[in-house]
Every structure is written in C-alpha cells, then in structure tokens.
Amino acid sequence: MKTYFKFILLMSSMMMLSQTSCGKYGKLFKDYQGYINGKAVDSLCLDNKLNRLEVTPLTISIESEKNRSKKYKSDGSIWGVSRGDEFFRFVEKSSFFDYGKFIKVIYKSDGFVLYSICEMDTYGLNLNIEYFYSLGINNTVKKLKVKNIEEDFPNPIFLVEAKKLYNLYDQDMNGKYLLAKLYEENYINQK
C-alpha cells in the first residue's frame, strides 16, 4: 500500500511538471524595455500543437487549446513578438510603409540588424519580399540599399565589398547573409 501511494505521488508530480514545462514560447512585448527585461504582455506555449501564434505584417493572431483567441493589430500596441527562435518587430508608418507593420528579424548583432517583410501584391498574384536594416534592434529602420549603407557605415573596405554583392540580401550556401558576414569581418572581428 505504501509503495502504491509513492507511485501515485510520483506520477502526479510528473504530470504537473509536464504541464508546466515548455521548450518553445511565443511572447508579445509592449515595448523595447519589456523585451529587454523579458516581461511579455501575452505568451503561449508552442510545444502544444493546438496552440498557434501567427504573425503577418498587419496582425498577430493567438489561438490556444483552451479556446482562447486573440488578435492584435499593427497599431503600435505591441512592439515585438518572439515565436520560438523567430523575432518580429513593429515599425511605424514611414516613407516606405503606408501604415505600421511587423517585420521579421533575419540577422541580429550589436550595431547591425537585418529585417525582411513578405507580402502578396494587390492582386494576390505575386509574393514581394523587401529587406531593411537598422543599427540596433530599437533603432530607426531603413531600406536596405547601397546609398543608406554608405551613410551609416564609413568603413571603406566594407563598402567596397558590399557594392560587389549582386544583391545586398544575397546568402551563401548555408543561408547566411553575405552582408552580415561582411559586417562581422569588418566591424565585429576588428574589435
């Protein structure tokens, strides 16, 4: 009888652990400070296949197994979203966006962040991918083009090599962005 109770106690504690442990979270952050401090305004365990967190340029949708469904619009109320290893940041209306949007971080280091946004065209026929960068995760986002890179990165070796790229967003065979590799070689590894 004593062994039976020990077994029940062990099983119930294992069940409690399995219910509370989660390896992959989706988290929403109200602002940059919340992101730095890890204070999410909403989160969801993504290990559970019934839980979903979808991020589009205009909305964030959360659906959970507990029939909880929430939508956040790209109105600035959410600054950033992490979905496992992915991170999306909100960008205000600007010269290149008619309204605020969520863009995906595709490379991040101290002093250089690359972003992409993928949208369908007006007719829903073509997929358009645009690339952007900033000098930090909370800095002003700019279009990824040579003119902007020249203004922000004065290193002549870096600029010569960047101009040789066919596209600033080209990747090597392993999926690493060539511009990011150049940045690391000319800025990070030089310190």
Inset, instruction - Could you sort out which of Lys104/Lys163; Lys49/Lys70; Lys73/Lys142; Lys145/Lys181; Lys24/Lys142 sit more than 19 Å apart by Cα distance in this structure? - result: Lys104/Lys163; Lys73/Lys142; Lys24/Lys142
Legend entry - Cut-off under 5 Å, modelled amide H: who pairs with Val141 long-range: none
Legend entry - Area accessible to solvent at Arg52, 1.4 Å probe radius, in Å²: 110 Å²
Inset, instruction - Report the net charge of residues surrounding Ile129, where surrounding means a beta-carbon distance below 11 angstrom and charges are Lys +1, Arg +1, Asp -1, Glu -1. - result: -1
Legend entry - Rounded to 10°, Cα long-axis angle of helix 2-20 versus longest principal axis of the chain: 30 degrees
Inset, instruction - Rank Ile106, Ile157, Ile62 by mean-square fluctuation in a GNM of the chain with C-alpha springs under 10 angstrom and give only the top-ranked residue. - result: Ile157
Inset, instruction - Report relative contact order for region 105-185 in percent, whole number only (criteria: Cα-Cα under 8 Å, sequence separation at least 6). - result: 19 percent
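Magnitude of the Cβ-charge dipole of the chain, K/R +1 and D/E -1, about the Cα centre, nearest 20 debye? It would help to have the intermediate numbers written out before the result.
Values: 28 positive and 23 negative charges, 166 e Å.
Computed charge dipole of the chain: roughly 800 debye.
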Inset, instruction - Could you pull out every Cys in the chain that lacks a partner Cys with its beta carbon under 4.7 Å away? - result: Cys118
Legend entry - ³J(HN,Hα), Karplus 6.51/-1.76/1.60, whole Hz, each residue of region 116-132, x for Gly, Pro: 9, 9, 10, 9, 7, 6, 3, 8, x, 9, 10, 9, 10, 10, 10, 10, 9
Legend entry - (i) 0.99; (ii) 1.32; (iii) 2.22, with the label sought being that of the calculated Cα Rg over 2.2 N^0.38 Å: (ii)
Legend entry - Per residue solvent-accessible surface (Å²) - region 94-191, probe of 1.4 Å: 60 Å²
Legend entry - Taking the chain and dividing mean pair separation by its residue count, relative contact order in percent (alpha carbons under 8 Å, at least six apart): 11 percent
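Of the chymotrypsin sites (Phe, Trp or Tyr not before Pro) in region 137-187, which ones lie in a loop per DSSP and count no more than 14 other C-beta atoms within 10 Å?
Answer by residue number: Tyr166.
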Inset, instruction - Could you work out which residue, out of Ser77, Ser116, Ser21, moves most in a Gaussian network model of the chain, that is, has the largest mean-square fluctuation with Cα springs under 10 Å? - result: Ser21
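The values are calculated or read from the model by the stated rules, or taken from the named source; none is laboratory data. No experiment lies behind these values; they were computed from the predicted model shown. Glycine also receives a Cβ, built like all others from the backbone with ideal geometry; neighbour counts cover every protein chain displayed. Please note that ligands, DNA and RNA were not included when accessible areas were found on the heavy atoms of the full protein model with its side chains. Shrake-Rupley method; radii C 1.70, N 1.55, O 1.52, S 1.80 Å.
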